[in-house]
1. Do you know which of the residues in the stretch 86-110 that are of a type in the set (D, E, K, R) and in contact with a helix residue (DSSP H, G or I) (Cβ under 7 Å, 6 or more places away or on another chain) is nearest to the ligand (Cβ to nearest atom)?
2. Looking at the stretch 241-274 only, could you name the residues that are surrounded by fewer than 18 Cβ atoms within 10 Å (Cβ to Cβ), within 14 Å of the ligand (Cβ to nearest atom) and outside any helix (DSSP H, G or I)?
3. Please work out which residue is surrounded by the most Cβ atoms within 10 Å (Cβ to Cβ), limiting yourself to the stretch 206-227 and to residues that are part of a strand (DSSP E or B) and in contact (Cβ under 8 Å) with a residue 60 or more places away in the chain.
4. Restricting to the stretch 165-204, give me the number of residues that are part of a loop (DSSP other than H, G, I, E, B) and either crowded, with 21+ Cβ neighbours inside 10 Å or within 16 Å of the ligand (Cβ to nearest atom) (or both).
5. Could you grab me the full set of residues in the stretch 85-137 that are β-branched (V, I, T) and touching a Phe, Trp or Tyr at 6+ places or on another chain (Cβ under 8 Å)?
6. From the list L63, L14, exactly one residue is away from the ligand (no atom under 16 Å from the Cβ), assigned by TED's automatic domain parsing to the domain that holds A245 and aliphatic (A, V, I, L, M). Which is it?
7. Listed residues A237, A285; which is crowded, with 17+ Cβ neighbours inside 10 Å and assigned to a strand (DSSP E or B)?
8. Every residue in the stretch 345-382 that is out of contact with any strand residue (DSSP E or B) (no Cβ under 7 Å at 6 or more places or on another chain) and not hydrophobic (A, V, I, L, M, F, W, C), please.
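The values are calculated or read from the model by the stated rules, or taken from the named source; none is laboratory data. Not measured: the values here are computed from a predicted model. Note that we place each Cβ from the backbone using ideal geometry, even for glycine, and neighbour counts take in every protein chain shown.
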Amino acid sequence: MSENAGTIPASLPLRNDLIGEEPYGAPQLDVPVCLNVNENPYAPRQDVVDSIARRVAEIAPTLNRYPDREHVELREAFVRYLERESGAKLSVDNVWGANGSNEIMLQLFMAFGGPGRTALSADPTYSMYPEYARDTFTGWQLAHRNADFTIDMAALKEQIATIRPAMVILTSPNNPTGTPLDMAELRDILEFCETVDVANAGEGVHPVVVIDEAYIEFRDPGTPSAVTLIGDHDHLAVSRTMSKAFAFAGARVGYVAASPGIVDCMRIVRMPYHLSAVTQAAALAAFDHTDEQLAEVDHLRRTREETADWLRKQTYAGQPLEVAPSQSNFLLFGGHFDKRDEIFAEMLSRGVLIRVVGPAGWLRVCMGTDDEMARFREALVESMRAVE
Ligand code: PMP
């Protein structure tokens, strides 16, 4: 089906600010090697599939009833997982689930954004955030990252002081660059925000700092996660997802870890019964198999390092490719591609779908299976030679 907003009749009373807008989304193309949306390429194993089917069959006879609106059993599973994964000691009141971390982020914008409020992030970053801002009538501002894609702390703090945003959103590891946020810097930002009054809010109202950890499981083992700071900072919300490392993108399950106050704010704006009984059952089944679901994360991390080394040895227009250091399951590479759209198209014609995203001159590839990466390498070399 066409996604072209040009088919919308002018007679429809579409909101004025949405006229001419297109639905966002990476192309969903039927190509042999899909390395464009940062999924985990390894499908659930058969025992996990069986558990999902069993759990869903168990709740199917109750589908005439609404699901547990508070999804308590699933929240208990989030708590157990976060303790195991990051050593965080949280309770059910500290976590909240939704249909993907996309919905978590939208709920945060609905609760803390709105007319007269601004959200601030650091460019380049995930391209959905400005859409949530638009949809909730929230102002959207960007601080700029350093040339190596780390946060320019002085610039960010200056912007926070000037804009007095309701939300500061930082992605760690960042998409599309893979850059992690240093924990000392995060503490500094949290403490700084505790001294700033939000514009168009009462005195003593401070920004919420949202850390989007969609890819955090791919970081170097032993590196801390922002969830360990939640007990000390009531204005910190850490967004997580089962879509990436957990290999569960199709189920649409994301969650947030935050103070009970933030969770209560989100409960005000959520849709009633937003998380279906089927979704809850499937997610619980996946958590019964946490080890299996995460089994390929180490391998994907190694694939990332090997691919980064290989990319740095390749040349385009006589110069070696740059690769942004990544703690994620994808790599931003190139740096000086003067014809990145052409390289993308050449790759696609060879059956390999990557992503044109990030600053001019760069392309992004996410880690696939060993076979898929071999095809990526072959296609990239041919594609660069074809357009040089
Ligand atoms: N945050 C970031 C940084 C992402 O890259 C993505 C997916 N591309 C998401 C959130 C949303 O993921 P999901 O809704 O599947 O949890």
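1. Taking the stretch 86-110 as the starting set, the residues that turn out to be of a type in the set (D, E, K, R) are 89, 93, 103.
Subsequent filtering for residues that are in contact with a helix residue (DSSP H, G or I) (Cβ under 7 Å, 6 or more places away or on another chain) retains 89, 93.
On the way: K89: 24, D93: 22 Å.
The residue in question is D93.
2. Across the stretch 241-274, the qualifying residue is only H274.
3. Looking only at the stretch 206-227, we keep the residues that are part of a strand (DSSP E or B), and these are 208-212.
Okay, now just the ones that are also in contact (Cβ under 8 Å) with a residue 60 or more places away in the chain, so 208, 210, 212.
Details: V208: 26, V210: 27, D212: 31.
Ranking the qualifying residues of the stretch 206-227, first place goes to D212.
4. Taking the stretch 165-204 first, the residues part of a loop (DSSP other than H, G, I, E, B) are 165-166, 172-182, 194-204.
Filter once more, so that each one left must be either crowded, with 21+ Cβ neighbours inside 10 Å or within 16 Å of the ligand (Cβ to nearest atom) (or both): 165-166, 172-181, 198.
Looking only at that region, the number is 13.
5. Residues of the stretch 85-137 β-branched (V, I, T): 92, 95, 104, 118, 125, 136.
Listed by number, the residues that qualify are V95, I104, T118, T136.
6. On the way: L14 fails: assigned by TED's automatic domain parsing to the domain that holds A245.
After ruling out the rest, the residue left standing is L63.
7. Working: A285 fails: assigned to a strand (DSSP E or B).
Of A237, A285, the one residue that is crowded, with 17+ Cβ neighbours inside 10 Å and assigned to a strand (DSSP E or B) is A237.
8. Of all residues in the stretch 345-382, those out of contact with any strand residue (DSSP E or B) (no Cβ under 7 Å at 6 or more places or on another chain) come to 345-350, 359-360, 369-371, 373-374, 377-378, 380-382.
Selection gives E346, S349, R350, P359, T369, D370, D371, R377, E378, E382.
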